[in-house]
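Visitor: Got a structure for you, questions after.
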Amino acid sequence: MVALYLLAQGPENRIDPVGEADAGRELLGNILFFAEDPEFVHRAFQAACDFVHRVPRSRLTFVRMRASGVELGKGTYGDE
């Protein structure tokens with residue numbers, strides 16, 4: 001991987017830099033990890049921290065787009 005983009009919906013499309021600590025907190029909040037062994041927990045935490053330290057970090061804010069006049073499942077892929 002060459003970059004980390006944290007996704008967020010917002011009022012406009014934009015890309016903003018994110019600090020290492022903020023990116024680490026948000027990334028860790030999105031990792032589902034179950035372990036009883038403290039060493040595995042430490043390794044998962046360290047891997048996330050190492051990753052956000054090594055790559056550029058940005059927040060990609062986007063405006064949610066709605067399909068207008070499209071009924072899902074009908075005519076979407078030419079299978080009318």
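The values are calculated or read from the model by the stated rules, or taken from the named source; none is laboratory data. As the structure is a computational prediction, the values presented were derived from the model and not from experiment. Positions of Cβ are backbone-derived with ideal geometry, glycine not excepted, and every protein chain shown enters the neighbour counts.
Visitor: Does residue 59 qualify as being over 19 Å from residue 3 (Cα atoms), in contact (Cβ under 8 Å) with a residue 12 or more places away in the chain and not in a helix (DSSP H, G or I)?
Guide: no
Visitor: Inside the stretch 7-21, can you point out the residues that are touching a helix residue (DSSP H, G or I) at 6+ places or on another chain (Cβ under 9 Å) and either polar (S, T, N, Q) or not in a loop (DSSP other than H, G, I, E, B) (or both)?
Guide: Of everything in the stretch 7-21, those that are touching a helix residue (DSSP H, G or I) at 6+ places or on another chain (Cβ under 9 Å) and either polar (S, T, N, Q) or not in a loop (DSSP other than H, G, I, E, B) (or both) turn out to be 20, 21.
Visitor: Being closer than 27 Å to residue 9 by Cβ and assigned to a helix (DSSP H, G or I) is true for just one of 32, 28. Which residue is that?
Guide: Every option except 28 fails the conditions.
Visitor: Among the residues of the stretch 49-66, write down those that are at pLDDT 95 or above and among the aliphatic types (A, V, I, L, M).
Guide: Those that are at pLDDT 95 or above and among the aliphatic types (A, V, I, L, M): 52, 55, 60.
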